[in-house]
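Here's the structure we're looking at; comments come further down.
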Amino acid sequence: MIEVRDLTFSYAGGPPVFEGFNWCAKVGEAWAVIGPSGCGKTTLLYLLAGLRQPTAGQVLIAGRPVTRPRPETGLILQDYGLLPWATVMDNAALGLRIHRFYGPDGTHAPRQAVAADPTEAAGFWLRRLGIEAMRDKYPAQVSGGQRQRTAIARTLALQPDLLLMDEPFSSLDALNREDLQNLMVGLRAETGLTTVLVTHSIEEAVFLGERILVLGLPPNRQAVAIENPQAGHVGYRREPAFLAKCNELRTQLGEG
């Protein structure tokens, strides 16, 4: 699904963030990416999304080089990215309306058939995410968790095959964060999505990432992957294995 080949990237005038970096993720895998501040977590996500281009090397998704944002890739950001003047329903249906404008050209929009009624398709995900009652409210009138659910609905309505998430739950309170983490586990099981989650939280990485990519201070030259097959299982947070995996990750990060 994802293949990063000999990736080198640096910002203008700066040292390399990645240098000859190689990494791959298979279809249906759930990855978490973690590391210290400034290590390149979000940079890697933007490279996968096609929002930045390598200085050298390649990023391939589904066998094709990523030279621009890919319509089958969904991206969920920490700040939700909602239009403040649009209702929850209009925000959730926005991607589908853009899809209809371009048609299924494979460049601006995914190749699958355009939904006949964007409101109906977006409404399905609002119901699935438990916020249909908020459909006529504006982002400022709903909670942070409901805003994030709206952003998730907008993304999933386009039926992506790859979901990239940049610390999507970090601004939420603990209960909302765990609720949305559980929701994402269920949605991934339903859809078979390949997911890459950037997070600064060790506990979140361990709960959601079946495989965890650990980045260090730049330049990153080697992918360090930790296997975590129990990720997402009901009750995992309360098991000794969860604490043990968190401690393993802390050791890997140099925190213990």
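The values are calculated or read from the model by the stated rules, or taken from the named source; none is laboratory data. The shown structure was predicted, so the numbers you read here are calculated from the model rather than taken from an experiment. For neighbour counting, all protein chains shown are included, and Cβ atoms are generated from backbone atoms with ideal geometry for every residue, glycine included.
Some notes on this structure:
- Of LEU183, LEU217, LEU197, LEU213, all but one fail to be assigned to a loop (DSSP other than H, G, I, E, B), hydrophobic (A, V, I, L, M, F, W, C) and touching a residue at least 40 places away in the same chain (Cβ under 8 Å); the exception is LEU217.
- Selection within the stretch 40-62 - hydrophobic (A, V, I, L, M, F, W, C), touching a residue at least 60 places away in the same chain (Cβ under 8 Å) and in a helix (DSSP H, G or I): LEU44, LEU45, LEU48, ALA49
- Candidates VAL234, VAL206, filtered to the one that is among the hydrophobic types (A, V, I, L, M, F, W, C) and part of a loop (DSSP other than H, G, I, E, B): VAL234
- Members of the stretch 71-87 that are hydrophobic (A, V, I, L, M, F, W, C), at pLDDT 90 or above and not in a strand (DSSP E or B): LEU82, LEU83, TRP85, ALA86
- The residue that is modelled with the lowest pLDDT, among those in the stretch 214-245 that are exposed (fewer than 13 other Cβ atoms within 10 Å of the Cβ) and within 20 Å of ASP179 (Cα to Cα), is VAL234.
- Counting the residues of the stretch 128-158 that are within 16 Å of GLY186 (Cα to Cα), free of Cβ contacts under 8 Å to residues at least 60 places away in the same chain and either in a helix (DSSP H, G or I) or assigned by TED's automatic domain parsing to the domain that holds SER37 (or both) gives 2.
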